[in-house]
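Here's the structure, in structure tokens; my notes come after.
The values are calculated or read from the model by the stated rules, or taken from the named source; none is laboratory data. On a predicted model such as this, the values are computed, not experimentally measured, just so you know. Here the Cβ positions follow ideal geometry from the backbone for every residue, glycine too, while neighbour counts run over all protein chains shown.
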Amino acid sequence: MAGSFGTLITSNVKTWMSAKGFLLVCMAALIPLILSVAWVGTHRADVAPVDVSWDPPNPIAWNATAPTESHPINFTATIENQGRFSVGAFNATIRIGRTDVLPDKSRPFDELASNSTRIPGLGPGERKEITLRWAPRPFSQFGGLLDVGTFDVLVDADSNDDIGEIEEFNNRLERNLQVHFGDVPPSFFDLPPELTANDANATTRVDVGVEDLTWSPPEAFPNTTMVFTVNVVNHGSERLENVNATIRVVLQDGTIAEGQVQKNLTLEAHANETVRLEWRVPPQEDKYQPKVYRAEAYARVPGTNDTATANNVEVRLFIVDREVIFPEPPERATIKGYYISVVRQLLLPLLLPVIGLYYAAGVLSDERDRGNLVYLLTRPINRVSLPLARFLVSFVIASIAIAIGTLGAFLLILGLHQGEFSYLLAPLSLVILALLAYGAVFTLIGVTFARPYLVGIGFVGWEWLIQVGSQILINNRPVVAPWVQNLTIYKWLEVLSREWSVEKPLVWLPTGGAALDALRNLLIATIVILAVAAYVSRRREFPE
Amino acid sequence: MSVVEATNLSRWYGSVIAVNDVTVMVQPGITGVLGPNGAGKTTFMRMCMGLIRPSTGSLRILDENPWNNPNLLKRIGYVPEGDAPWRDRTGREALILGGRLSGLSGTQAEEAADRALQQVGLTNEAGKKVDAYSRGMRQRLKFALALLHDPELYILDEPLLGSDPVSRRELIHLIQGLAAQGKSVLVSTHILPDLEAMTQRILLLNHGRLMAYGEVTEIRDWLDRYPRTVRIATPDPRELGAALWRWPTVLSIQAEEGAVLVRTNKPRAFFEELQGFLADGRHPFTSITSPDDNVEAIFRYLVG
């Protein structure tokens, strides 16, 4: 019996090497490839910002020793053509500003400065630099700090969308820029007294510093306690008394200290002491507007002009549910995203059901049409082995074909230089799982119905109808109830494919959650359907 | 032992009865399955092959239930209706595949294929694609497929269809040869002379019902109650006809050139009386035949 099964396998392999098998390969492999070639063929250049830097690297907004002087920052961004072909003129822009998070979760960019440069053209691999000069303003007219804190530096290549690229969505580079106040803001404490001739010596003798301002935990959450510590160091050679050391937390754009500790220290020469502030993070007032705080530390020696500040640091205050406050940015299409969309939107819902129908529905009817069926059925072989051998061979050949298509699309779209093969493994596993599940359904149809292709087309139509219906909302409810969606193969494949994102390749196998449920449901459904198909094929009669 | 044993066997498709309450025990040897189109011959044979199940009744082939019984299929060779299979292969490849599927090893299948090709006279065509075969060659290939595993019973559904007269004669000889080797054959055909050439035992179906089973002469005897035609060849048909006209066993007389056709409803009594009547030599004759003593006549009688 095993020998007969082996003969059935080899016989089916030979059959698949015929014209029908060629058609299957074309369908499975060539369609994704052709689409990929079309995409790559029409978008062969790729400009992208590769770097942005600024000078000075640690810019300040104000300095007490030169309070009227501006402190401009020079930005330089590099734009590169990473494609394989030259590109014509396009614009590239550097922008400075802040991104707000509004109650509607939108994130408008509040632009403070920008410069758009026209680049006449770039050859493959060629680079071009663009620049921007910006001077942060230290104060607002109400006395608060203005252009101090964290800013977004955005560099956009092809900002006017003049050119077609192989990858349209790698045109932006984002960096955070920290602008510090050069000295402790004058409004928060008394300015040091004017230096006199008598103090000159003291100035040279006294040297305190604040170092290593740290805090824990690293991120702030409402109604939690944060601990800040700083080392106050006497670098001088004399003992110092009444060294006034302060740590405080202030709203970045306000003047009110939310938490503060001051200590008078006595420091021996070259000695240091730690100052500690415990700060209770206040409750969040606006759910969608995070507050940005700054932690500062400084030390003063009375009677001198020696004031030291630690590196000012920012503490971002989040509310507990960070997903709400800082929702993931909308999934940006990238070249990987395009590749994934080929798999997710072309292969899973459209091509794979048709391939499954093509390879599995004819498990018996194809043999009948070729006039072989009655000869197979009247040989001393198990009835189940007929559709089983056909299913196995067809599944393996279809999987190889689809693997060729998926691998080809991967290489064409992403290329070897971007070849993160985890992005290949995941869709391959998914499409093979889809082939298995759809193949099982169509095998059952194939052994049950005399006209399986007609019934199979009906099933494909059903899957598509449910997909479309589940996306149409009436009174905020989908036309197709969720439980009905559970009756489609696509539903579970779609849940599995959601494990994927542009930034994160599919984690295979899923270890929990909806994806694991979907995988389990798919596998159970496949096994049950194949078992029913085996039962039906044992019971089926062949009067014609 | 009967090769086929059907008891109250029926099979219907929806409201259409294909085989209707057939009870028969087919004995070893060659049995011709006869009947007009739609009589249930193919349905009967497909049930014998386990392709369909009886709706009611029971069926045993070689003392086994044929439904879903691969072991029984090792003992049966089947020539179905329709075209030859595996037409994209050569005849020899198709036969080797058939042999492998019948459980033969690779070498055994090759040997069996060559032997079967020789038996059906296709050795010279072994390397040709089946697609390129003529209809008669395909019929012979189908026959060869049934021969591969040397079964005990052959079920042949119209095996001579499409064959030219020479091929037909060869296949008939082959079937007779199988019977001579002790194999049993259940063969259906529309061509009654072919059937007569193969066997005198028939199983006659009409509208799914078993009309008759047995030797042709036995059936004829059984049918004695029906009028029978006797043809007496004589140089003077008119005189002989006039002499026979008054006999009470004679229903009608018809004279034709060189013979007189007598219809009688009591053939046994008529023959006894005729024997004495012709013995005196006053009415010369050259032969006495009964045109009804053949399959076609019985078929006509029973099927109408």
Kindly state which strands (runs of 3 or more DSSP E) lie completely within segment B:177-274 and contain at least 2 residues that are over 30 Å from B:HIS149 (Cα atoms) and not small (Gly, Ala, Ser). B:209-215, B:228-233, B:250-256, B:259-264
If a residue counts only when it is surrounded by fewer than 18 Cβ atoms within 10 Å (Cβ to Cβ) and away from chain B (no Cβ under 14 Å), which helices (runs of 4 or more DSSP H) contained entirely in segment A:1-99 have at least 3 such residues? A:31-42
For segment B:90-144, the count of residues that are surrounded by fewer than 17 Cβ atoms within 10 Å (Cβ to Cβ) and more than 16 Å from B:LEU171 (Cα to Cα) equals 13
Restricting attention to segment A:116-138, the residues that are assigned to a strand (DSSP E or B) and within 28 Å of the chain's Cα centre (by Cα) number exactly 5
Looking only at segment B:110-126, decide whether some residue is facing chain A (nearest Cβ under 9 Å) and of a type in the set (A, V, I, L, M, F, W, C). no
Subset of segment B:98-138 [part of a loop (DSSP other than H, G, I, E, B) and of a type in the set (A, V, I, L, M, F, W, C)]: B:LEU104, B:LEU122, B:ALA126
Where A:VAL431 falls short, out of the listed (1) within 29 Å of B:GLY98 (Cβ to Cβ); (2) modelled with pLDDT under 90; (3) part of a helix (DSSP H, G or I): (1)
Identify all residues within segment A:379-415 that are in contact with a Pro (Cβ under 7 Å, 6 or more places away or on another chain) and part of a loop (DSSP other than H, G, I, E, B); write none if there are none. A:PRO380, A:ILE381, A:ASN382
Output for segment B:41-81, where each listed residue is polar (S, T, N, Q), over 23 Å from the mean Cα position of the chain (by Cα) and within 8 Å of chain A (Cβ to nearest Cβ): B:ASN68, B:ASN71
Yes or no: A:SER385 at pLDDT below 90, closer than 21 Å to A:ILE529 by Cβ and in the same structural domain as A:LEU30 (by TED's automatic domain parsing)? no
State whether the residues of segment B:45-56 include one that is over 19 Å from B:GLN139 (Cα atoms), out of contact with any Ser or Thr (no Cβ under 6 Å at 6 or more places or on another chain), of a type outside the set (Phe, Trp, Tyr) and not in a loop (DSSP other than H, G, I, E, B). yes
For the structure I just gave you, tell me whether B:GLY77 is crowded, with 16+ Cβ neighbours inside 10 Å and among the small types (Gly, Ala, Ser). yes
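Please tell me if A:TYR375 is within 13 Å of chain B (Cβ to nearest Cβ) and part of a helix (DSSP H, G or I). Step through it out loud before you land on a result.
Numbers: within 13 Å of chain B (Cβ to nearest Cβ): yes; part of a helix (DSSP H, G or I): yes.
For A:TYR375, the condition - within 13 Å of chain B (Cβ to nearest Cβ) and part of a helix (DSSP H, G or I) - is met.
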Where B:ARG11 falls short, out of the listed (1) within 14 Å of another protein chain (Cβ to nearest Cβ); (2) over 23 Å from A:ASN382 (Cβ atoms); (3) touching an Asp or Glu at 6+ places or on another chain (Cβ under 8 Å): (3)
Every pair of residues 6+ apart whose Cβ atoms lie under 9 Å, when the first sits in segment A:447-460 and is closer than 16 Å to A:LEU530 by Cβ while the second is basic (Lys, Arg): A:VAL447/A:ARG540; A:THR448/A:ARG540
Can you pull out the residues in segment A:209-237 that are of a type in the set (D, E, K, R) and modelled with pLDDT of 80 or more? A:GLU211, A:ASP212
Unique residue being closer than 26 Å to B:GLN181 by Cβ, within 22 Å of the chain's Cα centre (by Cα) and either assigned to a strand (DSSP E or B) or facing chain A (nearest Cβ under 9 Å) (or both) when the list is B:ALA84, B:ALA18: B:ALA84
May I ask you to list pairs of residues, at least six apart or on different chains, whose Cβ atoms are under 8 Å apart, with the first in segment A:209-227 being touching a residue at least 40 places away in the same chain (Cβ under 8 Å) and the second being among the hydroxyl-bearing types (Ser, Thr, Tyr)? A:VAL210/A:TYR298; A:VAL210/A:THR309; A:ASP212/A:THR229; A:LEU213/A:THR229; A:TRP215/A:THR229; A:ALA220/A:TYR293; A:MET226/A:SER216; A:VAL227/A:SER216
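Pull up segment A:522-539, narrow it to residues that are more than 10 Å from every other protein chain (Cβ to nearest Cβ) and not hydrophobic (A, V, I, L, M, F, W, C), then point me to the one that is nearest to A:LEU348 (Cα to Cα). Walk me through how you get there before you give the answer.
First pass over segment A:522-539, keeping only residues more than 10 Å from every other protein chain (Cβ to nearest Cβ): A:522-537.
Now drop any that are not not hydrophobic (A, V, I, L, M, F, W, C), which leaves A:526, A:535, A:537.
Working: A:THR526: 16, A:TYR535: 28, A:SER537: 28 Å.
So the residue we want is A:THR526.
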Mind listing whichever residues of segment A:465-499 are among the hydrophobic types (A, V, I, L, M, F, W, C) and either outside the structural domain of A:VAL343 (by TED's automatic domain parsing) or under 16 Å from A:LEU523 (Cβ atoms) (or both)? A:ILE489, A:TRP492, A:LEU493, A:VAL495, A:LEU496
Do any residues in segment B:258-287 that are closer than 22 Å to B:GLU218 by Cβ have Cβ atoms under 7 Å from those of residues that are small (Gly, Ala, Ser), where the two are at least six apart or on different chains, and which pairs are they? B:ARG263/B:SER252
Sort out for me the helices (runs of 4 or more DSSP H) sitting completely within segment A:470-544 that have 1 or more residues that are modelled with pLDDT under 80, surrounded by fewer than 13 Cβ atoms within 10 Å (Cβ to Cβ) and under 20 Å from the mean Cα position of the chain (by Cα). A:513-539
